[in-house]
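> Structure below; questions to follow.
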Amino acid sequence: MRNGSKRIVVQKVCAILLFSFIFIGNGYSQGFKLAGIKYANYLKSPLKNVSGNQENSFQEFGAFVNFPKVLKKDTTILINGVGYGWAKATMYNYPMLQTSEYQKKLQSFYYQLTFLHTWNEKWSLVASLKPTIASDFDQKLSSDDLVFQGSVTAMRKINDRLKLGFGIANSTRWGSPITIPVVSLQYKSHRHKLEGVLPAKIVYTYALPKEKWQLGIGYTRSGANFNISDTNIGAFDKINYSRANIGLSANYRLTKLLRLEAHGGVSAGRIYRLIDSDNNVLDFDSKASPYFSLGIALVSPKK
């Protein structure tokens, strides 16, 4: 995967980050997240199908900024976004590592271009492209550190409360990048809201009077894929992981622009893999365990 013959992609990263500022504008829609930071902790979890007491845990931090621009008389919206992610995977009592506790720190940088276009009263299109640099940065960057994600979805307005969409997405939510069909759902009635992109996510929220608080319950699949170089774990040069989070959420609107967000519940289906250059896989799947996350978001003012 990593060798001297592969071109370094630092110039590409700089070009992507520079391009993200070309379309900065001041158009946005109600409730849209303009920026945010988030911390998540996946507590220590025992491995499956092992005789010892091997465990793993994860901590994650993320930050992002979005720059929306309304075009063509409000029928088209272009969103440029940049983001940073940091993850620390801790492995406990792994015999192959010959240490009681081993930590691996991983980072990612992404640029995301999202295009939303309304054809008519019934039909609209949402398309997104998200090139991502994901690595441990222990060596110079190469093309193996670059992952392309994206999606295209056609949406139809069924009535004033319901919108349905169908499309295709390439994502690392299941660890390794895969392409899957998706179904988008948006339903809103008074204080009730149901939103989802199946099979990756579905969330129900209820807004309390005065809409300061929003309480919810939902399911989200999350994951990542990183290129690595580490002599402590042998010939493996990729790490990917995935999990299904099922739990409760609470959002509190501090001001017209700031919103606090909290999530907590059970993280199940926890998959952790090491992969070598011949695509040999070493699995370290772990049992379900609690998780929680805290964040703050800058949102568009209510209109």
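The values are calculated or read from the model by the stated rules, or taken from the named source; none is laboratory data. Since the model is a prediction, treat every value here as computed from it, not as a measurement. Please note: Cβ atoms are built from the backbone with ideal geometry, for glycine as well, and neighbour counts cover all protein chains shown.
> If you check Ser229, Ser267, Ser293, which single one turns out to be hydroxyl-bearing (Ser, Thr, Tyr) and in a loop (DSSP other than H, G, I, E, B)?
Ser229
> Within the set of pairs 6+ apart or on separate chains, which have a first residue in segment 152-171 that is under 20 Å from Thr76 (Cα atoms), a second that is of a type in the set (A, V, I, L, M, F, W, C) and outside any strand (DSSP E or B), and C-beta atoms under 8 Å apart?
If the second residue must be of a type in the set (A, V, I, L, M, F, W, C) and outside any strand (DSSP E or B), the pairs left are Leu164/Ile158.
> In addition: Check segment 270-278 and report whether any residue there is assigned to a strand (DSSP E or B), of a type in the set (Asp, Glu) and within 30 Å of Phe67 (Cα to Cα).
no
> Criterion first (part of a helix (DSSP H, G or I), surrounded by fewer than 16 Cβ atoms within 10 Å (Cβ to Cβ) and without any contact (Cβ under 8 Å) to a residue 40 or more places away in the chain) does Lys188 satisfy it?
When the stated conditions are applied, Lys188 does not pass them.
> Additional query: Tell me which residues, restricted to segment 192-204, are aliphatic (A, V, I, L, M), farther than 15 Å from Leu248 by Cβ and in contact with a Leu (Cβ under 9 Å, 6 or more places away or on another chain).
Within segment 192-204, Leu194, Val197, Leu198 qualify.
> Still on this structure, I have one more. Could you tell me how many of the residues in segment 132-149 are buried (at least 20 other Cβ atoms within 10 Å of the Cβ), out of contact with any helix residue (DSSP H, G or I) (no Cβ under 6 Å at 6 or more places or on another chain), of a type outside the set (Gly, Ala, Ser) and in a strand (DSSP E or B)?
Number satisfying all stated conditions: 2.
> Within segment 30-75, how many residues are in a loop (DSSP other than H, G, I, E, B) and among the aromatic types (Phe, Trp, Tyr)?
So the count comes out to 1.
Let's see how each residue does on (1) of a type in the set (Asp, Glu); (2) in contact with a Leu (Cβ under 7 Å, 6 or more places away or on another chain); (3) more than 24 Å from Val147 (Cα to Cα); (4) modelled with pLDDT under 95:
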{"position": "Lys157", "(1), (2), (3), (4)": "no, no, yes, no"}
{"position": "Lys163", "(1), (2), (3), (4)": "no, no, yes, no"}
{"position": "Ile168", "(1), (2), (3), (4)": "no, no, no, no"}
{"position": "Ser171", "(1), (2), (3), (4)": "no, no, no, yes"}
{"position": "Pro181", "(1), (2), (3), (4)": "no, no, no, no"}
{"position": "Tyr187", "(1), (2), (3), (4)": "no, yes, yes, no"}
{"position": "His190", "(1), (2), (3), (4)": "no, no, yes, yes"}
{"position": "Tyr206", "(1), (2), (3), (4)": "no, yes, yes, no"}
{"position": "Lys212", "(1), (2), (3), (4)": "no, no, yes, yes"}
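> Still on this model: Quick one: count up the residues across segment 233-253 that are among the hydrophobic types (A, V, I, L, M, F, W, C) and touching a residue at least 40 places away in the same chain (Cβ under 8 Å).
Selection size over segment 233-253: 4.
> List, please: which pairs have Cβ atoms under 7 Å, are six or more places apart or on different chains, and start with a residue in segment 260-273 that is under 15 Å from Asp285 (Cβ atoms) and end with one that is in a strand (DSSP E or B) and aliphatic (A, V, I, L, M)?
Ala268/Ala244; Ala268/Ile246; Gly269/Ala244; Arg273/Val281; Arg273/Leu282
> Just to check your reading of the model, which residue among Lys105, Lys157, Lys130, Lys193 is in contact with a Lys or Arg (Cβ under 6 Å, 6 or more places away or on another chain), among the charged types (D, E, K, R) and within 24 Å of Pro68 (Cα to Cα)?
Just one listed residue meets the conditions, Lys157.
> Working only within segment 234-264, note down all residues that are surrounded by fewer than 19 Cβ atoms within 10 Å (Cβ to Cβ) and either of a type in the set (Gly, Ala, Ser) or not in a strand (DSSP E or B) (or both).
Correct list: Gly234, Ala235, Gly247, Ala250, Leu254, Thr255, Lys256, Leu257, Ala262, Gly264.
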